[in-house]
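Taking it in order: structure first as structure tokens, then the write-up.
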Amino acid sequence: MAQQATEEYGKVTFADEVVAIIAGLAATEIPGVAAMSGGIAGGIVEKLGRKNLSKGVKVEVGEKETAIDLFIIVDYGVRIPELAWNVQENVKKAVETMTGLSVIEVNIHIQGVNFEKESKTEEAPPKLR
């Protein structure tokens, strides 16, 4: 019914990047997702920070539907099938709630594994005399 009301007053469209940012933020909310990935360039996986979340996401947005591809780096030791399911559910829920678009698929592409421990403390550099 919300779409009928929208059609009475006009049309709402979403830029691909808007959907990509929503999907990227929803993906990084899931524990075990170390980072979004910009893809493989020369065999090296580029990690992207929060400012570039849309770079690790590819979307196709139609008038009422969207398809999303996520390229992520996972933490070592996580159960990848369970993690992927949680990411898919969270992304689908976030995009559908915020945009009203129907998410027809959320494809997860694991681009790498993060072996660094987050609890690692950095040593202070020695003081110079």
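The values are calculated or read from the model by the stated rules, or taken from the named source; none is laboratory data. Computed from a prediction, not measured in an experiment: that's the story for all the values here. FYI the Cβ positions are ideal-geometry reconstructions off the backbone, even for glycines, and counts take in every protein chain you see.
Descriptive notes on the structure:
- Segment 94-111, residues that are within 13 Å of the chain's Cα centre (by Cα) and either without any contact (Cβ under 8 Å) to a residue 12 or more places away in the chain or more than 15 Å from residue 64 (Cβ to Cβ) (or both): 94, 106, 107, 108, 109, 110, 111
- Flag for residue 82 being within 17 Å of residue 26 (Cβ to Cβ), more than 14 Å from the chain's Cα centre (by Cα), assigned to a helix (DSSP H, G or I) and at pLDDT 65 or above: yes
- The sole residue among 105, 96 that is in a helix (DSSP H, G or I) and modelled with pLDDT of 95 or more is 96.
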